[in-house]
Amino acid sequence: MKKIIIFASIIFVLFGGIVFLTNSQQKEALQEASKGSSEGNPYGTDDLQPETIKQLDDPNYQNLIMPDELDKKLADGEDVTVYFFSPTCSHCNQTTPILMPLAEEQGVDIKQYNVLEFEQGWDDFAFEATPTLIHFENGKEKARLEGGYAKEVYTQFFEENIK
């Protein structure tokens, strides 16, 4: 019985050490990423998912919008186009390098909402998959695209709904 207690204690201590080291490494990675970014950490928290930390310096993920800012824009009846993405979504990782340069080329301002960090976006905007692109006019949804598409589909979406 004593051996079981000793082994359980050792396993518990090892598990605690792993958790501590993982948290320390995550905080260090966030600090390093924030140092390299001219704007620092736009999320305003040190408690970010590792996948989000990796994107802090990626030029395709620099037009972020936080939930409070989006809520205010919609409440004020503003027009806004929002790209809902998750850093862990393979379709988002394929779509973003197509969509964001195209939007810049077309003169379309797309705000990016990270649903990995702000999970309430799933319920607040009732979409089932990422990536999802929603255009709001006068604070109300006008059009949406769920899933990844070819460049031509996004161009058509811009022409029909935004320009």
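The values are calculated or read from the model by the stated rules, or taken from the named source; none is laboratory data. In this text the structure is predicted, and so the values were computed from the model without any measurement. Cβ coordinates were reconstructed from backbone atoms using ideal geometry, including for glycine residues, and neighbour counts include every protein chain displayed. Only protein heavy atoms, including side chains, enter the accessible area calculation; ligands, DNA and RNA are left aside. Shrake-Rupley method; radii C 1.70, N 1.55, O 1.52, S 1.80 Å.
Accessible area of the chain with a 1.4 Å probe: how many percent of it is carbon plus sulfur?
That share works out to 54 percent.
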Worksheet item: Relative to the longest principal axis of the chain, what angle (0 to 90°, nearest 10) does the C-alpha long axis of helix 2-36 take?
Response: 40
Discussion item. Sequence gap at least 6, Cα distance under 8 Å: using those rules, report the relative contact order of the chain to the nearest whole percent.
Written reply: 21
Practice prompt. Work out the charge dipole of the chain with +1 on the Cβ of Lys and Arg and -1 on the Cβ of Asp and Glu about the Cα centre, then indicate which of V108, A150, S86 is farthest towards its positive end.
Written response: S86
Practice prompt. Please work out the C-alpha center-to-center distance from region 137-157 to region 110-131 and express it in whole Å.
Written response: 15
Worksheet item: For the chain, what is the calculated [θ] at 222 nm in deg cm²/dmol (nearest 500), taking -39500 (n - 2.57) for each run of four or more DSSP H residues and dividing by its residue count?
Response: -16500 deg cm²/dmol
Discussion item. Once you keep just the Cα pairs under 8 angstrom separated by 6 or more residues, what percentage relative contact order results for region 66-147?
Written reply: 42
Response to the item:
Computed for region 33-140: size of charge dipole around the Cα centre, +1 on C-beta of each Lys and Arg, -1 on C-beta of each Asp and Glu, debye to nearest 20, value 220
Worksheet item: Rounded to the nearest 5, what % of the DSSP beta bridges within region 68-163 are antiparallel ones?
Response: 70
Worksheet, complete the sentence: Rounded to the nearest 10 Å², the accessible area of T88 using a 1.4 Å probe with every protein chain kept is 80
Item to complete: Could you tell me how many degrees, from 0 to 90 and to the nearest 10, lie between the Cα long axis of helix 151-161 and the main elongation axis, the longest principal axis, of the Cα atoms of the chain?
Response: 60
Discussion item. Quick query: amide H of F136 versus all other amide H atoms, modeled in the peptide plane; which residues come in under 5 Å with a sequence gap of 5 or more or a different chain?
Written reply: V80, T81, V82, K142
